[in-house]
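The values are calculated or read from the model by the stated rules, or taken from the named source; none is laboratory data. Computed from a predicted structure; not experimentally measured. Virtual Cβ from ideal backbone geometry, glycine too; neighbours counted across all protein chains shown. Surface accessibility is based on the protein's heavy atoms, side chains included, excluding ligands, DNA and RNA. Shrake-Rupley method; radii C 1.70, N 1.55, O 1.52, S 1.80 Å.
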Amino acid sequence: MSELAVAAPERPELEIVGSKQSFPVRRIYCIGKNYVAHIHEMNADERDPPVIFMKPADAVVPGGGEIPYPVFTENFHYEGELVVALKSGGYNIPEDEAYSHIFGYGVGLDMTRRDHQVGVMEKGMPWEITKAFDKSCPIGPISSVEATGHIDHHVLKTIVNGETKQEANVDLMIWKTREIISKISEQYELKAGDIIMTGTPAGVGAVKSGDTLEVTCDGLEPLKVTIGARAA
């Protein structure tokens with residue numbers, strides 16, 4: 001193997017609850033507009049098939065903590081979501097086999113530069129500017145399926161400064177976890193280490209420096225985040 005010309009980038013890893021092992025992140029797939037109430041609050045129509053976009057792996061902030069208020073936005077939004085971590089994958093995974101590829105579950109935040117989102121959507125441009133920026137994906141510890149079972153009838157909440165802003169049962173997702181895995185695998189080869197952000201309920205909103213966020217879901221470890229000063 002040849003010598004590296006520059007230092008290799010660090011691979012993000014997520015804590016696994018009750019284990020000394022960690023979960024290595026390969027890719028982050030995200031599902032947009034997956035709760036009807038959120039579609040309505042964004043003044044959009046329901047879409048078929050689901051909206052799929054990606055964040056870079058190095059956008060992950062393992063375990064949360066403090067994240068900076070990002071550059072290039074004046075309207076920084078939270079979106080609390082159920083996270084699915086895969087242990088295997090493939091192309092064209094049938095829905096009835098999808099659960100067999102899941103390692104475990106967690107919760108995360110799809111942080112968003114909302115002031116840029118409308119413009120890129122109207123022009124049919126890629127979503128990277130609004131979704132794929134630095135530290136835009138805090139994710140909490142992963143709980144294994146063996147420990148929790150499958151998370152499909154559980155309440156997801158986002159709490160901002162002590163006030164619940166988002167609350168919905170994940171069974172209200174338009175596209176369920178099985179369907180999401182199957183649909184993504186039609187376009188990409190899913191592999192071990194892949195993370196899927198399954199979409200956010202209604203109640204998204206702006207945050208500012210000093211605000212605290214907590215994302216919870218029944219049976220899973222919470223994620224806590226503080227918004228720091230603007231990134232330099």
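Bridging of LYS20 to lysines at a Cα separation below 20 Å is possible for LYS87, once same-chain residues fewer than 8 apart are set aside. Can you tell me the FRET efficiency between ILE129 and ALA229 if r is taken as the Cβ-Cβ distance and R0 is 25 Å, rounded to the nearest 0.05? Approximately 0.70, to the nearest 0.05.
Give me the compactness ratio for the range 106-232, meaning the Cα radius of gyration over 2.2 N^0.38 Å.
Normalised Rg, Cα atoms only: 1.13.
Here the Karplus curve 6.51 cos²θ - 1.76 cosθ + 1.60, taken at θ = phi - 60°, turns the phi angles of the range 189-200 into couplings of 7, 6, 9, 4, x, 6, 10, 10, 8, 8, x, 10 Hz, with x standing for Gly and Pro. Diffusion coefficient of the range 150-199 by Stokes-Einstein, Kirkwood radius over Cα pairs, 20 °C, 1.002 mPa s: 169 µm²/s. With springs only between Cα atoms under 10 Å, which of LYS208, LYS123, LYS165 fluctuates most in a Gaussian network model of the chain? Fluctuation is largest for LYS123. Translational diffusion of the chain, estimated by Stokes-Einstein from the Kirkwood radius over alpha carbon pairs at 25 °C in a medium of 0.890 mPa s, is 138 µm² per second. Distances between placed amide hydrogens fall under 5 Å for ARG27 paired with ASP194, ILE195, all partners being 5 or more residues away or on another chain. With R₀ set to 30 Å, the beta-carbon distance separating GLU186 from ASN75 gives a calculated FRET efficiency near 0.35.
Roughly how many Å² is the accessible area per residue of the chain, as a whole number, for a 1.4 Å probe?
Values: 11120 Å² over 232 residues.
Computed with neighbouring chains in place, this is 48 Å² per residue.
In terms of its Cα atoms, the range 79-153 spans 42, 28, 23 Å along the principal axes, sorted from long to short. Each residue of the range 220-227 was assigned a 3J(HN,Hα) from its phi angle through the Karplus curve 6.51 cos²θ - 1.76 cosθ + 1.60 (θ = phi - 60°); the sequence is 10, 6, x, 10, 10, 9, 10, 7 Hz, with glycine and proline shown as x.
Ranking ALA168, GLN187, PRO126 by how far each Cα lies toward the positive end of the dipole of the range 43-201 (charges on Cβ) leaves PRO126 at the top.
Among ARG114, ARG11, ARG26, the residue with the largest mean-square fluctuation in a Gaussian network model of the chain, with springs joining Cα atoms closer than 10 Å, is ARG11.
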